[in-house]
Amino acid sequence: MGDENNLTRRGFIAGGAVVGASTALALTPFERLMNVLSTGFIHKAQAEANGTEGSRNYINILMAGGPMRYTFDAWMRTNPSDPQLDYNPMVATKFVSSGGRVVGTEYATFNYNGVMVPHMFSHAVTTSAGSRALTELLNHMLVVRGFGTGFDGHLFNATIQQAPVGGVASLMGLAADYSKKTFEAIEWPDRGAYGNYASMNGKALNKLTGNPLTSLLEGFGGPQGGRVKGRSLKERNQEAFELAQARLRAYAQSDFAGATILGKNLSNASALMKKGIGNIGAYWDGAVARYRNLMEASLRQQGLVGINDVPMISAQNEHWRVHVADGNRGMTISANSDLRDSIKTMTCPGALAEGFALAEYVLKEGLVSTMNLQMGDPAGLMMKDAANGVTGNHVAIKDMHETGSIPGVLITTAYYRALCAGMLELIDQLKKSKVNGADLWSETVIQVISEFNRTARANGSGSDHGFNQLVTSAFSGAIQKGPFVVGNIYKSGHGGGYTGTQGRAAPIEGYNQKGMPSPTMAASTVAALLRTKNPYENLAEPLVRLSGNDLQVLKAAKIV
């Protein structure tokens, strides 16, 4: 800020990049874009010169509704030295077959880099680069399990994970407070009451509507009515570009912090300014279609060993029920159908393809540091109702009270395969861009959250709100040779109808948070990945330490 004032006092392009272009007129959108971009380049050079790298980019993906996460990141037995599980059929990752058909479920894992991980990761998904083993994602994965809130409720459990401590920044706000980008934080779709954002430095959260990319950059579009009074738009835009370049050159020749660094990067700044936002129209539709197509190819794939490689004919009991949106009810699958057919028409979980396309663009263009995205319900499922024999197109809601053990494994495996395919595609795109010599994926953290995991019923008929068995996972190019897992869980369930090992949070010996760890533990651990100051660590220390690409687990995960 002081350097910007010095620029004005010394007469370096007085008043910013574009004042000379429009002293008598309101700024055009292009002029505003040149102004914020040139300011951003200066701030970035200052930060690098002062040794303040800032936060890694942060993407938070919310699965509102609280789906079962056992096939994906609610990991139970992760080490061969762990005790054998008390098995609960809802905590399943794979099917058991007999006589050429599915007859039950099991908790199946395989060993990858010394960690026992769920069966789903033994398969491959589709990206634009072709078939990709899901173990590639494991290399960059951290699971934080074994924490809870002690209180029920969707909204409470969603918001407390985003902002676990009052009076300090939320996790997203913490990352945004370090940002020098044009937009510090964006959210799409609007989370409404499921969101909880707080910045200590007054950084705004931009909530987008409609087409999110157009919504974000509408201020940089053409002027109202397609006209600029007094001078032609072409002339003003050209002058705005030239003045912005002059501003950067003047700073690069000064003795201010970051001048030398900025001077070495003037050609990159010029290229970005010339491009402006002219490539948006050509990019958006194609990128969304690319993500949607590869995610749907991944979730619909047939012949996956242990998942959909043999017929799934309903026994028409509680294990074969699906909680559907129409009537908010449990529907029993008819025996006169093969449940595998239901995912052949399943659609990309709402908003996620657009979210990944948005993330790809704004991160690669250097426009945004941190963003909230969202993943919708599993929809487009063609299932036959045993009650009336009618085959209908259903939405399986994520609040899976009445979803039994067998549809649960099939549907959630497809659901998370879509998520994983989208993440791998985004990772590939981010690796193509460099930031200070490192690829952009190494400077990004993706966190996946939901209100809670599920408290599993021992009879396999469904699950309820698991607010004391929360789990979250984080992915980053800064994590190498993963996966890693932290957090303790009890071997026992909740008793009554909820017996068996299912991820109930357990205390951590020698930890500075006594009893059941809270969401502050998870936020503190993710903050360690973001490379920010950690306002949570006095209440709950991070469970990992990241030095370069070396992730050290400070408290080994246990079943107690």
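Assorted remarks:
- Residues listed by number, the range 51-88, amide nitrogen under 18 Å from A315 label point at 7 Å toward C-beta: 87-88
- Listed by chain and number, the aspartates and glutamates whose C-alpha is less than 14 Å from the C-alpha of K203, apart from same-chain residues fewer than 8 away, are D177, E184, E187.
- As a rough guide to protection, the peptides 341-351, 433-443 ranked by mean Cβ packing within 10 Å, highest first, stand as 341-351, 433-443.
- Taking a sphere under 15 Å around the Cβ of S298 and counting the other residues whose Cβ falls inside, with K and R at +1 and D and E at -1, yields a net charge of +2.
- Distance between the 7 Å Cα→Cβ label points at D190 and F156: 2.6 nm.
- When E318, E425 are arranged by Cβ crowding within 10 Å, least crowded first, meaning fewest neighbours, the order is E318, E425.
- Contour minus Cα-Cα distance for T345 and V390 (0.36 nm per residue): 14.6 nm
- Residues within the reach of a label modelled at N549 (point 7 angstrom out along Cα to beta-carbon, backbone nitrogen below 15 Å), restricted to the range 425-457, are 428, 431-435, 437-444.
- Here the simple spin-label model places points 7 Å from the Cα toward Cβ, and for N79 and A556 these points are separated by 0.3 nm.
- Model label zone, D439; criterion: amide N under 19 Å from point 7 Å along Cα-to-beta-carbon; scope the range 296-328: none
- Rounded to the nearest 20, the size of the Cβ-charge dipole of the range 49-201 about its Cα centre is 300 debye, with Lys and Arg at +1 and Asp and Glu at -1.
- Cβ charges +1 (Lys, Arg) and -1 (Asp, Glu), total dipole of the range 317-394, debye: 160
- Too-long pairs where the Cα-Cα distance tops 19 Å, listed order kept, from K180/K434; K364/K432; K94/K555: K94/K555
- Listed by chain and number, the aspartates and glutamates whose C-alpha is less than 14 Å from the C-alpha of K481, apart from same-chain residues fewer than 8 away, are E136, D550.
- Spatial offset of the range 168-190 relative to the range 481-560 amounts to 24 Å, using the alpha carbon center of each.
- Sorted peptide list for 513-519, 501-507, 366-372, criterion being average Cβ within 10 angstrom, highest first: 366-372, 501-507, 513-519
- Listed by chain and number, the aspartates and glutamates whose alpha-carbon sits under 14 Å from that of K491, ignoring those within fewer than 8 places in the same chain, are D82, D86.
- Computed FRET value (nearest 0.05) for A108 with Q480, which takes r as the C-beta separation and R₀ as 30 Å: 0.70
- Modelled spin-label separation between K432 and E509, with each label point placed 7 Å from Cα along the Cα-to-Cβ direction: 5.0 nm.
- Using θ = phi - 60° and Karplus 6.51 cos²θ - 1.76 cosθ + 1.60, couplings along the range 100-107 (whole Hz; Gly, Pro as x): x, 8, 6, 10, x, 10, 8, 8
We did not get these values from a lab; they are worked out from the coordinates using the rules stated. In this text, all values refer to a predicted model and were calculated from it rather than measured experimentally. Glycine also receives a Cβ, built like all others from the backbone with ideal geometry; neighbour counts cover every protein chain displayed.
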